[in-house]
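The values are calculated or read from the model by the stated rules, or taken from the named source; none is laboratory data. The structure presented is a predicted model; accordingly, all values stated were derived computationally and were not measured. Note: ideal-geometry Cβ built from the backbone for every residue, glycine included; neighbour counts use all protein chains shown. Ligands, DNA and RNA are excluded from the accessible area calculation, which covers all protein heavy atoms including side chains. Shrake-Rupley method; radii C 1.70, N 1.55, O 1.52, S 1.80 Å.
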Amino acid sequence: MKNKHLSTCFGLEKKYHLGNMHITVRIKKNPLSLSPDTLFSMAERINRKRGFLFVSHVLGKHIPVYPAIPQLAGASLALLLLETYYQRPQNLADVFRLGFTHPEKSAGIVHKLENKPFDLPEPMLFIGFAETATALGHAMFASFANNAYYIHTTREEVIGLPSCFQFEEQHSHATTHRCYPQDDTLLAKPYPIVLVDDEMTTGKTSLNLIRSIQQRFPRTTYIVTSLLDWRSEADRAQFAEVEKELGVEIKTFSLMSGSIHIEGTANPDETRPKAVSSKVHPIQIKKHYLDEFTTLPSFFSKNPTPYIEATGRFGLARDRWEEIKSQIAETGHRLKQTRRGTRTLCMGTGEFMYVPFQIASYMGTGVYVQSTTRSPIQPKKKPHYAIQNGWEFASPDDPEVRNFMYNIPKNAYDEIYLFLERDTPLERLTPLYQAIADTGIQWIHQVICSRRRKERKDFQ
């Protein structure tokens, strides 16, 4: 992929060439004055609905990052909420920009923010979009000292528990979002709702969610925030129409916004990530069971091990998060003592991202974080192309779902800490283990946050 950019009096223009597609990005608003290359690069999706993908450099999803960077991304959205919505200047733009441009400084910046989090003027419910923005939404919520509540949508279907609302993400590979608040009053309270996504191209997903919530839990105010916002004028007009239709106010802001122009179509040749080889690679596995986290006993999916409270999948209040943070710090310091090398990758799985990233932030230097994903992306060995390599395997939680991991250079790490929210049988983990071993990593730490119950230990 080739790219170039030029400065104009209206902002920045950058061109990307993805096979037969030619994409021009024009940046109009950039409140932290960040370079596009700081926030994203691009790749081709294996998806005929939308053949391109903005691959974030700050989420820790498809590209490994320092553990503090995803927290800094969420904190930046929290900063913009205060400055844009509440008109309360914080004078931190230069500091946050330094954290992104010099990632080695990000931990110190985040540490200061954790010691003195932002004050939120009124109660708000933050909703992160599955699966890519679960950690981003959690990080934004955790940047406030008070008045904050969090839940994220999920692609998982929880058996025996009705979703309080359901909506579609039409362009996605997995379109249905669900929501399972443990506290029935979480959405019933008329707080402003902040929707947190990593990127808006048309904004239809946010509008689908707003309509779905408003039908059952009406309120007056929604705020839609994202790292990137590429809505066209017609898309923005649609937001105004929905405001009138529902009688609500919808405010939007992002770290970078503008427009995109696309010429051509995606390549018909859909090169997939590598399938897991049947070749047996030598690996060593050590299990670490974490018993610190509170489990939610009655919620089950195709993996019957209980979920943990700390993810926010079922709702979380800020005061409860304060207690969970101390558990995370204790866990991170303990796992630090088990490290066997100086180059360590901490890998979240699917929607389970933020808790692993936070644990990793206490595990010392030489640590990077990223996550497995449902997103099928074409890997290509090209300069500046976002996805250099990839592996495809069955999801440990649901073997019918295909998962992927990307951008792990051969022999780049001494070891990997694989974080699993719930205990999983070995046969379900073997495809993922083989994919990890194919990268040259020979030592796997399996970190399990919720044990299987004795009466349900025989699931397949």
task: Considering only residues that are polar (S, T, N, Q) and in a loop (DSSP other than H, G, I, E, B), look in the range 360-379 and name the one that is farthest from GLN446 (Cα to Cα).
output: GLN378
- line: By residue number, the members of the range 207-244 that are in contact (Cβ under 8 Å) with a residue 40 or more places away in the chain, in a helix (DSSP H, G or I) and either closer than 15 Å to LYS29 by Cβ or not aliphatic (A, V, I, L, M) (or both) are ASN208, ARG211, SER212, GLN215, ARG216
message: Any residue that is over 17 Å from ILE408 (Cα atoms) and surrounded by fewer than 24 Cβ atoms within 10 Å (Cβ to Cβ) - is there at least one of those in the range 365-380?
response: yes
field: Filter result (farther than 18 Å from VAL369 by Cβ and open to solvent by 90 Å² or more (accessible area, probe 1.4 Å)) within the range 326-336
entry: GLU330
message: Tally up the residues in the range 380-425 that are polar (S, T, N, Q) and assigned to a strand (DSSP E or B), please.
response: 1
message: Would you confirm whether or not the range 276-283 contains a residue that is modelled with pLDDT of 70 or more, out of contact with any Cys (no Cβ under 8 Å at 6 or more places or on another chain) and not in a loop (DSSP other than H, G, I, E, B)?
response: no
message: Condition (residue is at positive phi and in contact (Cβ under 8 Å) with a residue 60 or more places away in the chain) applied to the range 436-458: is it met by at least one residue?
response: no
field: the range 193-206, residues that are in contact (Cβ under 8 Å) with a residue 60 or more places away in the chain and open to solvent by 10 Å² or more (accessible area, probe 1.4 Å)
entry: ASP197, ASP198, GLU199, THR201, THR205
message: Can you go through LEU187, LEU98, LEU136, LEU125 and tell me which one is open to solvent by 40 Å² or more (accessible area, probe 1.4 Å), modelled with pLDDT of 85 or more and of a type in the set (A, V, I, L, M)?
response: LEU98
field: Which numbered condition PRO218 fails, given (1) open to solvent by 70 Å² or more (accessible area, probe 1.4 Å); (2) out of contact with any strand residue (DSSP E or B) (no Cβ under 9 Å at 6 or more places or on another chain); (3) closer than 27 Å to LEU32 by Cβ
entry: (3)
- request: Answer with yes or no whether ASN47 is touching a residue at least 60 places away in the same chain (Cβ under 8 Å), among the polar types (S, T, N, Q) and within 30 Å of ASN403 (Cβ to Cβ).
  value: yes
task: Return the only residue of ALA394, ALA435 being buried (at least 22 other Cβ atoms within 10 Å of the Cβ), at pLDDT 90 or above and touching a strand residue (DSSP E or B) at 6+ places or on another chain (Cβ under 9 Å).
output: ALA435
message: For the range 326-340, check the following and say yes or no: at least one residue is modelled with pLDDT of 95 or more and within 19 Å of the chain's Cα centre (by Cα).
response: yes
task: Look at the range 232-248 and say how many of its residues are more than 27 Å from the chain's Cα centre (by Cα) and within 10 Å of THR202 (Cβ to Cβ).
output: 1
Matching residues, the range 235-268, being closer than 21 Å to LYS15 by Cβ, of a type in the set (Val, Ile, Thr) and open to solvent by less than 50 Å² (accessible area, probe 1.4 Å): ILE260
- prompt: Quick check: is even one residue across the range 2-23 within 19 Å of GLU199 (Cβ to Cβ), modelled with pLDDT of 95 or more and open to solvent by 10 Å² or more (accessible area, probe 1.4 Å)?
  reply: no
task: Sort out which residues of the range 404-428 are open to solvent by less than 10 Å² (accessible area, probe 1.4 Å) and more than 25 Å from SER361 (Cβ to Cβ), and write them in order of number.
output: PRO425
task: Output the number of the condition that GLU323 fails; it satisfies all remaining conditions of (1) open to solvent by less than 10 Å² (accessible area, probe 1.4 Å); (2) outside any strand (DSSP E or B).
output: (1)
- request: Could you give me the residue pairs with C-beta distances under 9 Å whose first residue belongs to the range 245-262 and is under 16 Å from ALA133 (Cβ atoms) and in contact (Cβ under 8 Å) with a residue 40 or more places away in the chain, whose second residue is open to solvent by 30 Å² or more (accessible area, probe 1.4 Å) and among the hydroxyl-bearing types (Ser, Thr, Tyr) wherever it lies, and which are 6+ apart or on separate chains?
  value: PHE253/THR84; PHE253/TYR85
message: On the basis of being at pLDDT below 95, in contact with a Phe, Trp or Tyr (Cβ under 7 Å, 6 or more places away or on another chain) and under 30 Å from ALA240 (Cα atoms), does LEU195 make the cut?
response: no
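Every residue, every condition in (1) modelled with pLDDT under 95; (2) in contact with a Lys or Arg (Cβ under 7 Å, 6 or more places away or on another chain); (3) hydrophobic (A, V, I, L, M, F, W, C), yes or no:
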site: MET347; (1), (2), (3): no, no, yes
site: GLN358; (1), (2), (3): no, no, no
site: SER361; (1), (2), (3): no, no, no
site: THR365; (1), (2), (3): no, no, no
site: THR372; (1), (2), (3): no, no, no
site: LYS382; (1), (2), (3): yes, no, no
site: GLY390; (1), (2), (3): no, yes, no
site: GLU400; (1), (2), (3): yes, no, no
site: PHE404; (1), (2), (3): no, no, yes
